[in-house]
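Q: This is the structure, below, for whatever I ask next.
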Amino acid sequence: MVGKLLLRGMLVGLVAGILAFAFARVYGEPQVHKAIAFEDQQAQAAGAAPEPEMVSRTTQAGIGLATGVLVYGAALGGLFSLVFAYAHGRLGSLGPRGTSALIALLGFLAAIVVPSLKYPANPPAVGNAETIGYRTELFFIMIVVSIAAMVAAVGLAQRLWNRLGAWNASIVAGLAFLVVFALVKAALPDINEVPENFSATVLWQFRIASLGIQLVLWTVVGLGFGAAAERVVAVRDQRSPARRYA
């Protein structure tokens, strides 16, 4: 069953990638173009020679963006299917669609929203090239800690489920996750490398577009995979009616 789920997850991820690419072209690329124009203006004002364009903007915004988003979508769908294969049957009485939707919601919050609250996405012209390695390390630390805290919160909710009930257990687990996030957010250093004269509107719209791309991906994967996995699970249950998930 895992192999079938993996295939369906990657196919759903490709569909999600196509939709996310369309969203990025419409809402994200205009902000990137404005940021690059600002960067060029700053270079001209400083008298610096323009950097050679290794890859044209047309290629970057077309086949380059499409390739990146589709590969990311397929990888996300594949990983999502493996998490689903483990979690299905371990999250109460949720069926395939409910399990998939819940995993997508928790994954989007843990892997995308929470890290972005500390280190939001920045367009070109924002950020010092000399600190890119340092900034990347901090961002991935935030992602790893956030995902680990979410997994721990889900485990805590399951342990408290029978004692406190589903609603109260979920509240306690959610508060515990927020406490961990607040502590980590305070412990990790802040980074502010936005130029003083950079457009706040462009920065805001770019960050909204970045979150929007991820929202499209996770929503399509969460809802689409639940529908795709439902038949696989039903066939498996028909063949093995006595099987129960631990």
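The values are calculated or read from the model by the stated rules, or taken from the named source; none is laboratory data. Values in this document were obtained by computation on a predicted structure and should not be read as measured data. Here Cβ is always computed from backbone atoms with ideal geometry, including for glycine, and neighbour counts include all displayed protein chains. Just so you know, the surface numbers come from the protein's heavy atoms only, side chains and all, with ligands and any DNA or RNA stripped out. Shrake-Rupley method; radii C 1.70, N 1.55, O 1.52, S 1.80 Å.
Q: Hey, what D do you get for segment 177-228 in µm²/s if you plug the Kirkwood alpha-carbon radius into Stokes-Einstein at 4 °C and 1.567 mPa s?
A: 91
Q: Computed from the mean reciprocal separation of all distinct C-alpha pairs, what Kirkwood hydrodynamic radius does the chain have, in Å?
A: For the chain, inverting the mean 1/r across all distinct Cα pairs yields 20.3 Å.
Q: Rank R8, R159, R25 by accessible area, highest first, at a 1.4 Å probe radius?
A: On the way: R8 85, R159 165, R25 110 Å².
Of R8, R159, R25, the descending order of accessible area is R159, R25, R8.
Q: Could you state the accessible area per residue of the chain in Å², with a 1.4 Å probe and every protein chain left in place?
A: Value for the chain: 59 Å² per residue.
Q: Could I ask something else about it? Quote the relative contact order of the chain in percent (integer), defining contacts as alpha-carbon pairs under 8 Å separated by 6+ residues.
A: Values: 248 pairs, mean separation 94.2, N = 246.
Value for the chain: 38 percent.
Q: Quote the Stokes-Einstein diffusion coefficient, in whole µm² s⁻¹, for segment 65-154, based on the Kirkwood radius over alpha carbon pairs, a temperature of 10 °C and a viscosity of 1.306 mPa s.
A: Values: Rh = 15.0 Å.
In µm²/s, the coefficient is 106.
Q: Also: Step through the residues of segment 174-184 one at a time and calculate ³J(HN,Hα) from phi using the Karplus curve (6.51 cos²θ - 1.76 cosθ + 1.60, θ = phi - 60°), rounding each to whole Hz and writing x for Gly and Pro.
A: So the Karplus estimates, Gly and Pro as x, are x, 5, 4, 4, 5, 5, 4, 4, 4, 5, 5 Hz.
Q: Right, another one. Suppose each label sits 7 Å from its Cα in the direction of the beta carbon; what would the N197-N162 distance come out to in nanometres?
A: 6.7
Q: Quick check: at a probe of 1.4 Å, how many percent of the accessible area of segment 100-150 sits on carbon and sulfur atoms?
A: About 74 percent, which is the carbon plus sulfur part of the accessible surface.
Q: Take segment 110-246, drop everything but the C-alpha atoms, weight them equally and run the Debye formula without solvent; then report log10 I(q)/I(0) at 0.19 Å⁻¹ to two decimals.
A: -1.19
Q: Compute a Gaussian network model of the chain, connecting alpha carbons closer than 10 Å, and tell me which residue from I103, I141, I18 fluctuates the most.
A: Between I103, I141, I18, it is I141 that shows the largest mean-square fluctuation.
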